[in-house]
Amino acid sequence: MRISGLSSGLDIDQIVSDLVKAQRIPLDRVYQQKIKTEWKRDAYREVNTKLLRFRNLAFDLSLQGAFLKKSATSSRTDILTATASGQAVEGKYEVKVKQLAAAARFVSEPVDSADNMPSGEFRIGLSKDSMTSIEIQAGDSLAKVAAKINSAKIGINAVVVNDQLSLTTTATGENVQIYADQAFTNLFGGELYFDPQEQIEGEDEPTVGALMQKIGDSEDYTLVKGTNAEVEINGIQASFESNTIEFSGITVKLLSADPSATVNLEIGPDVDAVVEKVKEFVNVYNELVGELNGLLREEVHRDYQPLTEEQKAALSDKEIELWEQKAKSGLLRSDSMLSSVLSEMRLALGAAVEVDGRSVTLKDIGITTGAWYEYGRLYLDEDKLREALTEDPDAVRGLFTQRGETNKETGIAARLTSALDQANRRITDTAGRASDYYDRSFLGNRIREYESRISDMEERLLRYEERQWAKFTAMEQALSQLYAQSDWLYQQLGALQGGSR
């Protein structure tokens, strides 16, 4: 039981609070060390994320495919457009689009009872083996019939326009057909026919009699068929079921047909794509180098330590934010790991690569370094890079992608990828990953040590506070008893004095 200073007249609460606050100073220092270690861990992880982004760019440039991209240029983009894979055969192609591939499409006659159709049933589908029955309830609208066809998911889209039912297959080509039965044509019109190209089961060469028998036995016939795209490529006639066609590693999208027009399609190296990839590589490198150098030279504000919870309670959110910006500054100043990463990247970029017996450097393709005070910043001359890609693409490709047994035989992108992988492992060993369920890194272990120390110190501080309260409570009790005894003595003396009169 705690007793306030009624007997002593002292502010026991404040005295104990001040004593505990003085004893809490070492605990607050450990807490601040823990917070600072967490900030440093997070700073390392943020650096690692940026290194990983650049590492992935370097890895992409270490692959042959980054330099083997092809471009496709069409002289009539209103007729066709094209893209080329890395395996596309370079050259010029003359293409004529005589006919586009089309879906099978049917439009019914106007339906008089579109808002109130009679009950019935019809069959429809893309083949005779997969016909679907559509049931019409008395009073169904034509729109509801269309919805039933769509909900059947048979590869036929149905819509209603001006009391007419329009059916369109999702696929194109002459092999796409809409089949229906006589009940369908009785409702919506159209003519059914037997496709003579269909195979009669059991007949390699069916007779006229067999054909007639087949027609007579079947209740389901072709309603409409799709059409193939008809294309002429360098004088060769070709037929395709889709308007997206492929040949020689080229993908062509047919947009319109004009049998009289010859479209010139040219396939060549995609210099623009390579230039953009290298430009991104240079920009991200410069951004990374700038940030790392900034961290290495960032000012340390030693007077700004992490705030305790008690200190935060006395400040506004904005004041806390400004304080912590100062406190976090310089966490990685002169850090040996970051300095090592920068040195390894510069070494990987600066050394020449032996390509086909000759030394090739970044300078040869238009990439140079800035002045010493720019700390390794790269500059790209796009015109010189384009010239190198056009005149000696193998040298440019080898400079980035070559694999070799020695460092001088290894391309710069492969060198960077290796160097950044090692840096990632070192930083991960030091700071761990945010995704780790249990952080076993060096800083992770140190943070747990701080947490354990804080827990022990808080327990000791609690016991210290209880002892102080026990002391002051005992003092108050003793004073209370003393005052009580004094009062009794005064009473007794008063009584004696009164009796003597």
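The values are calculated or read from the model by the stated rules, or taken from the named source; none is laboratory data. All values reported here derive from a predicted model rather than from experimental measurement. As a convention, Cβ positions derive from the backbone with ideal geometry for all residues, glycine included, and neighbour counts pool all protein chains shown.
Here is how the numbers come out for the structure above:
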quantity	calculated
Residue that is modelled with pLDDT of 70 or more and not hydrophobic (A, V, I, L, M, F, W, C), where the choices are Asp217, Asp204, Asp272	Asp272
Qualifying residues in the stretch 271-321 (those that are charged (D, E, K, R) and outside any helix (DSSP H, G or I)) - the one nearest to Val396 (Cα to Cα)	Glu298
Residues of the stretch 73-93 that turn out to be crowded, with 16+ Cβ neighbours inside 10 Å and either touching a His at 6+ places or on another chain (Cβ under 6 Å) or more than 18 Å from Ala273 (Cβ to Cβ) (or both), as a count	4
Matching option when the condition is surrounded by 14 or more Cβ atoms within 10 Å (Cβ to Cβ) and in the same structural domain as Ala58 (by TED's automatic domain parsing), among Gln305, Gln325	Gln305
Test: residue in the stretch 431-453 that is touching a Gly at 6+ places or on another chain (Cβ under 8 Å) and of a type in the set (A, V, I, L, M, F, W, C)	yes
Some residue of the stretch 240-254 being surrounded by 15 or more Cβ atoms within 10 Å (Cβ to Cβ) and part of a helix (DSSP H, G or I)	no
Residue selected from the stretch 431-454 under the condition surrounded by fewer than 16 Cβ atoms within 10 Å (Cβ to Cβ) and farther than 24 Å from Asp28 by Cα, by the criterion farthest from the chain's Cα centre (by Cα)	Arg440
Qualifying residue in the stretch 481-499 (condition: surrounded by 10 or more Cβ atoms within 10 Å (Cβ to Cβ), assigned to a helix (DSSP H, G or I), in contact (Cβ under 8 Å) with a residue 60 or more places away in the chain and in contact with a Leu (Cβ under 9 Å, 6 or more places away or on another chain))	no
Residue list for the stretch 25-58, filter: modelled with pLDDT of 95 or more and either aromatic (Phe, Trp, Tyr) or not assigned by TED's automatic domain parsing to the domain that holds Leu307 (or both)	Trp39, Tyr44, Phe54
Verdict on Tyr438 being out of contact with any Pro (no Cβ under 8 Å at 6 or more places or on another chain) and over 30 Å from Asp335 (Cβ atoms)	no
Residue check, Ala22 assigned to a helix (DSSP H, G or I), aliphatic (A, V, I, L, M) and at pLDDT below 90	yes
Flag for Lys92 being over 25 Å from Glu232 (Cβ atoms), among the basic types (Lys, Arg) and not in a loop (DSSP other than H, G, I, E, B)	no
Residues of the stretch 328-385 satisfying the condition of being surrounded by 13 or more Cβ atoms within 10 Å (Cβ to Cβ), under 28 Å from Ala43 (Cα atoms) and among the hydroxyl-bearing types (Ser, Thr, Tyr)	Ser329, Ser339, Ser340, Thr369, Tyr375
